[in-house]
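Engineer: The structure is given below, and queries will be raised subsequently.
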Number of protein chains: 2
Amino acid sequence: MKLASLKLGKDGQLVVVSRDLERAVAVPSIAATMLDAVERWSVCAPKLLEIYERLNAGAAADSFAFDSRQAAAPLPRAPQWCDGSAFLNHGRLMETAFKVPPVPDFDTIPLMYQGASDDLLGAHDDVPLPDEADGIDFEGEFGVIIDAVPMACTAEAARAHIILLVQINDVSLRTLGPREMKTGFGFLQAKPSSAFAPVAVTPDELGAAWESSRVHLDLEISWNGAWFGHPNGSEMNFGFDQLIAHAARTRRLSAGTVIGSGTVSNAERSRGSGCIAERRAIEVIEQGAPSTPFMKYGDRVRMEALLDGKPLFGAIDQCMVPANANQE
Amino acid sequence: MKLASLKLGKDGQLVVVSRDLERAVAVPSIAATMLDAVERWSVCAPKLLEIYERLNAGAAADSFAFDSRQAAAPLPRAPQWCDGSAFLNHGRLMETAFKVPPVPDFDTIPLMYQGASDDLLGAHDDVPLPDEADGIDFEGEFGVIIDAVPMACTAEAARAHIILLVQINDVSLRTLGPREMKTGFGFLQAKPSSAFAPVAVTPDELGAAWESSRVHLDLEISWNGAWFGHPNGSEMNFGFDQLIAHAARTRRLSAGTVIGSGTVSNAERSRGSGCIAERRAIEVIEQGAPSTPFMKYGDRVRMEALLDGKPLFGAIDQCMVPANANQE
């Protein structure tokens, strides 16, 4: 099943989207918003699935063309956003290049930061940023949306709480990150609003590509139209089940919490990278200095995961722009 | 003006509370929830103030006794929670005692972490925690609730966005904090749900005690009935205006964002401490080792700020309890 939120108010309008992403149906009688559906998932999911099957069969009344430019993030205002860094290859490259000491217990305890979740961006939304000199970067990730998870949930029990999968651009400001890491208080200014692919999908849509709580698909990334990488989600060192258990260690997680994988990263260098910072780290390791600059205003990043050559979540394709100091 | 959220659904029911915290009035025709009122503050505030004045004059129809035990956090599900550490005395004590290197730029750039905001607790709610061995601690803080703040807002411009003041217990798990700080990714497991005093108040309620974007009041803290400290909010090294500007450097802030001061802490030792960790740091400095243990299940903490001897926000008075692994 595929769901999206069309831009409307703070939480968007829930629509069911056809498997090929061509058509959509509004479902106000089932749930007004995706958050509402996620909070009442056991009741709403069967009803939404019925609509989805009719839509795919070309038999849904009142369907309309799905325009991904009208899509907000699936949960534009999520209760919580916790982002892991579950591909250890990425961390190892960063540590090697920038000679930072390895994180304690990096291979047994997932790294995760608390992000802001009140203002998540749509797939084609411009990303407004205050200063081109902040080291503007993208991070290609996969993520999950969960229903309510009790405190101290185990990884095994967490699996049943994964109800939707999403694809994410975790926008990052690299000149601000290292100082924030040194404080020990973690990222805040270095992590402006993240953006999401148009459609959230149930795990069954992936078939064999959803295995061990990991997305076994390439994430195709291009920057201003040029290939940048196609790392595969299968090399995640911690599955989403483990990331959920980590987040729930000392708190219950509200339905609609989003958990991210961190930058998708593969050991095989020919697969490229999921973010500019990682490519620069490889340049430092191989050539002694970084040669790829960060993004400029007007630059575009495109991220897409295909399933058997067909669209899955739809594409993120968005532009970095200067923030208007007068915007509210 | 004083406002509270009675426990109802995820966002509570907005009520106007009398200055003496004795009476309340529901205001569904003005706004159903505090978040709704905060999002439409310029429209709602004058109407709420009219009710508040009638209530204080004993002339409000349909008023009822205000029971702070029925109060949720003012914003039980806030869009965002960013907590500063704006009392440098606290940081200096921690660094001296535990021989950690000083944070870079600690005196010019505020320290701030991103917290979870989806499940904030009421003043008398039990605090469910998974393990007594996690080093259970309280942190007495003041905070502000803001209306929508544009990206890159200056500290000067931020002042007009402070619409409500709150009082906070930032529950902390001290055995988990140091590891999370070392990762550079910041607090996550170390910061379970924070709790809030029953009532949020407009800054004008404080009179001269609201000055330079700081709360110039003692925060009286007791632990199992014994005095623990009464540090004053005036020694904040960064005002809330500066904290807001810090949070808004690379993002716009949604109406209803909560910004915390960090543990209230004074250089004068006879004023005690706002958290156990700070008392332990002083013990390390003065006696070579900490002698005060962290909290046990069943322990209570009480925090209250009085204005001219009268209740202002009402008291936080709550108990630490074991989480039920089966809760949802």
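Engineer: Among the numbered criteria (1) within 13 Å of chain B (Cβ to nearest Cβ); (2) under 28 Å from A:LEU206 (Cα atoms), which one does A:GLY143 miss?
Structural biologist: (1)
Engineer: Would you be able to tell me the number of residues in segment A:3-13 that are free of Cβ contacts under 8 Å to residues at least 40 places away in the same chain and in a strand (DSSP E or B)?
Structural biologist: 1
Engineer: If you go through segment B:134-149, how many residues are surrounded by fewer than 21 Cβ atoms within 10 Å (Cβ to Cβ) and over 27 Å from B:MET94 (Cβ atoms)?
Structural biologist: 1
Engineer: Here's a follow-up. On the basis of being more than 14 Å from chain A (Cβ to nearest Cβ) and in contact (Cβ under 8 Å) with a residue 40 or more places away in the chain, does B:ILE259 make the cut? Step through it out loud before you land on a result.
Structural biologist: Working: more than 14 Å from chain A (Cβ to nearest Cβ): no; in contact (Cβ under 8 Å) with a residue 40 or more places away in the chain: yes.
So B:ILE259 fails the test.
Engineer: Next question, about the same structure. Has segment B:62-78 got at least one residue that is within 14 Å of chain A (Cβ to nearest Cβ) and closer than 30 Å to B:ASP107 by Cβ?
Structural biologist: Scanning segment B:62-78, I find at least one residue that is within 14 Å of chain A (Cβ to nearest Cβ) and closer than 30 Å to B:ASP107 by Cβ, so the answer is yes.
Engineer: Here's something else I'd like to know. With buried (at least 24 other Cβ atoms within 10 Å of the Cβ) and either at the interface with chain B (Cβ under 10 Å from one of its Cβ atoms) or modelled with pLDDT of 95 or more (or both) as the only criterion, which of A:ALA155, A:ALA123 stands out? Spell out how you get there, then give the answer.
Structural biologist: Values: A:ALA155 fails: buried (at least 24 other Cβ atoms within 10 Å of the Cβ).
Residue meeting the stated conditions: A:ALA123.
Engineer: If you don't mind, there's one more thing I want to ask. Could you figure out which of (1) outside any helix (DSSP H, G or I); (2) touching an Asp or Glu at 6+ places or on another chain (Cβ under 8 Å); (3) away from chain A (no Cβ under 11 Å); (4) not small (Gly, Ala, Ser) isn't true of B:PRO101?
Structural biologist: So the condition that B:PRO101 fails would be (3).
Engineer: Right, next: For segment B:39-61, indicate whether the set of residues that are assigned to a strand (DSSP E or B), hydrophobic (A, V, I, L, M, F, W, C) and open to solvent by less than 30 Å² (accessible area, probe 1.4 Å) is non-empty. Explain how you work it out, then say what you get.
Structural biologist: So the first thing to find is which residues in segment B:39-61 are assigned to a strand (DSSP E or B), and the list is none.
No.
Engineer: Quick test for you: out of B:ALA86, B:ALA97, pick the one residue that is closer than 25 Å to B:GLU286 by Cα, open to solvent by less than 20 Å² (accessible area, probe 1.4 Å) and modelled with pLDDT under 95.
Structural biologist: On the way: B:ALA86 fails: modelled with pLDDT under 95.
Answer to the check: B:ALA97.
Engineer: Going by the structure shown, is B:HIS246 open to solvent by 10 Å² or more (accessible area, probe 1.4 Å) and within 8 Å of another protein chain (Cβ to nearest Cβ)? Steps first, please.
Structural biologist: Details: open to solvent by 10 Å² or more (accessible area, probe 1.4 Å): yes; within 8 Å of another protein chain (Cβ to nearest Cβ): yes.
So B:HIS246 fits the description; yes.
Engineer: Here are some residues: A:ILE145, A:ILE162, A:ILE168. Which one is more than 30 Å from B:MET151 (Cα to Cα) and either in contact with a Ser or Thr (Cβ under 9 Å, 6 or more places away or on another chain) or of a type outside the set (A, V, I, L, M, F, W, C) (or both)?
Structural biologist: Working: A:ILE145 fails: more than 30 Å from B:MET151 (Cα to Cα); A:ILE168 fails: more than 30 Å from B:MET151 (Cα to Cα).
It is A:ILE162.
Engineer: Looking at segment A:317-328, which of its residues are open to solvent by 60 Å² or more (accessible area, probe 1.4 Å) and at pLDDT 95 or above?
Structural biologist: We begin by selecting, within segment A:317-328, every residue open to solvent by 60 Å² or more (accessible area, probe 1.4 Å); these are A:322, A:324-326, A:328.
If the condition is that a residue be open to solvent by 60 Å² or more (accessible area, probe 1.4 Å) and at pLDDT 95 or above, then A:PRO322 is the only one that fits.
Engineer: Moving on to the next point. Can you tell me which residue within segment A:262-275, out of those that are in contact with a Ser or Thr (Cβ under 9 Å, 6 or more places away or on another chain) and surrounded by fewer than 24 Cβ atoms within 10 Å (Cβ to Cβ), is farthest from the other protein chains (Cβ to nearest Cβ)?
Structural biologist: A:ARG271
Engineer: Checking the condition buried (at least 20 other Cβ atoms within 10 Å of the Cβ) and more than 14 Å from chain B (Cβ to nearest Cβ), which residue from A:ALA200, A:ALA195 passes? Break it down stepwise before answering.
Structural biologist: On the way: A:ALA195 fails: more than 14 Å from chain B (Cβ to nearest Cβ).
Among A:ALA200, A:ALA195, only A:ALA200 is buried (at least 20 other Cβ atoms within 10 Å of the Cβ) and more than 14 Å from chain B (Cβ to nearest Cβ).
Engineer: Considering only segment B:106-120, state which residues are modelled with pLDDT of 95 or more and either of a type in the set (A, V, I, L, M, F, W, C) or not in a loop (DSSP other than H, G, I, E, B) (or both).
Structural biologist: B:ILE109, B:LEU111, B:MET112, B:TYR113, B:GLN114, B:GLY115, B:ALA116, B:LEU120
Engineer: State all residues of segment B:286-316 that are outside any loop (DSSP other than H, G, I, E, B), touching an Asp or Glu at 6+ places or on another chain (Cβ under 9 Å) and open to solvent by 40 Å² or more (accessible area, probe 1.4 Å); if no residue qualifies, say none.
Structural biologist: From segment B:286-316, those outside any loop (DSSP other than H, G, I, E, B) are B:286-287, B:295, B:300-304, B:306-307, B:310-311, B:316; that's our starting set.
Now narrow it down to the ones that are touching an Asp or Glu at 6+ places or on another chain (Cβ under 9 Å): B:295, B:300-304, B:306-307, B:310-311, B:316.
Of everything in segment B:286-316, those that are outside any loop (DSSP other than H, G, I, E, B), touching an Asp or Glu at 6+ places or on another chain (Cβ under 9 Å) and open to solvent by 40 Å² or more (accessible area, probe 1.4 Å) turn out to be B:ARG300, B:ARG302, B:LEU306, B:LYS310, B:PRO311.
Engineer: Does segment B:14-36 include one or more residues that are assigned to a helix (DSSP H, G or I) and either farther than 18 Å from B:ASP125 by Cβ or open to solvent by 10 Å² or more (accessible area, probe 1.4 Å) (or both)? Talk me through it step by step, then tell me what you get.
Structural biologist: Just the residues of segment B:14-36 that are assigned to a helix (DSSP H, G or I), to begin with: B:34-36.
Still in the running and either farther than 18 Å from B:ASP125 by Cβ or open to solvent by 10 Å² or more (accessible area, probe 1.4 Å) (or both): B:35-36.
There is at least one residue in segment B:14-36 that is assigned to a helix (DSSP H, G or I) and either farther than 18 Å from B:ASP125 by Cβ or open to solvent by 10 Å² or more (accessible area, probe 1.4 Å) (or both).
Engineer: Of the residues A:GLY58, A:GLY12, only one is over 23 Å from the mean Cα position of the chain (by Cα) and more than 14 Å from every other protein chain (Cβ to nearest Cβ); which?
Structural biologist: Numbers: A:GLY12 fails: over 23 Å from the mean Cα position of the chain (by Cα).
Among A:GLY58, A:GLY12, only A:GLY58 is over 23 Å from the mean Cα position of the chain (by Cα) and more than 14 Å from every other protein chain (Cβ to nearest Cβ).
Engineer: What number goes with the only condition from (1) open to solvent by 40 Å² or more (accessible area, probe 1.4 Å); (2) touching a residue at least 40 places away in the same chain (Cβ under 8 Å) that B:ASP131 does not pass?
Structural biologist: Checking B:ASP131 against (1) open to solvent by 40 Å² or more (accessible area, probe 1.4 Å); (2) touching a residue at least 40 places away in the same chain (Cβ under 8 Å), the one that fails is (2).
The values are calculated or read from the model by the stated rules, or taken from the named source; none is laboratory data. What you are looking at is a predicted structure, and each value in this text was computed from that prediction instead of being measured. Neighbour counts are summed over all protein chains in view; Cβ atoms, including those assigned to glycine, are modelled from backbone coordinates with ideal geometry. We work out accessible area using only protein heavy atoms, side chains counted, and drop any ligands, DNA or RNA first. Shrake-Rupley method; radii C 1.70, N 1.55, O 1.52, S 1.80 Å.
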